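*Asks:* Right, I'll just put the structure down here and ask away after.
Nothing in this text is a laboratory measurement; each read-out follows from the coordinates by a stated rule. Since this is a predicted model, take the numbers as computed values, not measurements. Note that each Cβ is placed from the backbone with ideal geometry, even for glycine, and that neighbours are counted across all protein chains shown.
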Amino acid sequence: MRLSLAAFVLAPSLAYGNCTDDAMLVFDASGSMAEMGYNGLDHPRITEARIAMRKALPDITPVRRVGLVVYGPGDSEVCSHVDLRLPPRPDAADQIIAEIDALTPDGNTALTEAVQYAADALDARTKPATIVLVTDGKETCGGATCQLAAHLTSQAPGLTIHVIGFRVRGEHFNFEGFDSNPDFEAVPAAVQCLSDQTGGLYIGAESIEELVDAMHKTLGCPLFSKDMYRRPVTPG
């Protein structure tokens, strides 16, 4: 049976929402993104995250306005630096990649404040919008993450937040790997309420390829992105 274009456009997807809404990438540049040498981390997380952004964003930004919020590094105290590096704009891949390449990870994980900042920058109370948070761990600056999730669900019902946990580890270091780390399983739950309460996805990524795939699932538009043309279409 031959599928019409309209049928393909309207086909439901578990991974993709409205891929034309303005979006904000909230990127973790806290000090832990530079860590390596334990818990299975043979390279700094920031190194692999940069490679993944270079692979994913050029396919995403031609059809979607994307901006960038960064938290972690700055001249102020470790928990007080959240920075809007770029408001949502078309074809922003090169600018976002340049900003991320220039980062020197530092500071703590103020992800709750950063997500609130991104929601305000998107004017999410008045229009649909998407936030993709890329983080290597839980809030460490005292933010009430799940309280913010409930607040945004009430005040910005058109906002979807996706969380990508990139090479997440616990607080107890283990030089032989992370499987026996007692805190490993608890970390995703600390931020997963952001995605659970706003209808988004929580995706764990352990490699460059998995991070690229997570970026496509949360920000990509399968109908128009280059990736679509590499995916087989099964008639039905």
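*Asks:* Between ASP83 and LYS127, how many nm apart are label points set 7 Å from Cα along the C-beta direction?
*Replies:* 2.7 nm
*Asks:* Still on this structure, I have one more. Using the number of other C-beta atoms within 10 angstrom as an exposure proxy, rank SER32, SER207 with the fewest first. Mind showing how you got there, number by number?
*Replies:* Numbers: SER32 23, SER207 12.
Least crowded to most crowded, the residues run SER207, SER32.
*Asks:* On to the next question. If you filter the stretch 76-176 for GluC sites (Glu not before Pro), then keep DSSP loop positions with at most 14 other Cβ within 10 Å, what is left?
*Replies:* Here the sparse-neighbourhood loop sites are GLU77, GLU171, GLU176.
*Asks:* Would you please give the FRET efficiency between LYS55 and THR104, computed as 1/(1 + (r/R0)^6) with r the Cβ-Cβ distance and R0 = 22 Å, to the nearest 0.05?
*Replies:* Details: r = 22 Å, r/R0 = 1.00.
After rounding to 0.05, the efficiency reads 0.50.
*Asks:* What ranking of HIS216, HIS162 emerges when the number of other C-beta atoms within 10 Å of each C-beta is taken as an exposure proxy, fewest first?
*Replies:* Details: HIS216 20, HIS162 26.
The fewest-first ordering by Cβ neighbours comes to HIS216, HIS162.
*Asks:* Now for a separate question. For the stretch 88-103, list residues with backbone N below 17 Å from a point placed 7 Å from the Cα of VAL63 toward its Cβ?
*Replies:* Within reach of a label on VAL63: 90-93.
*Asks:* How far apart, in nm, are two points set 7 Å out from the Cα along the Cα-to-Cβ line at ALA34 and at SER207?
*Replies:* Result: 2.8 nm between the two label points.
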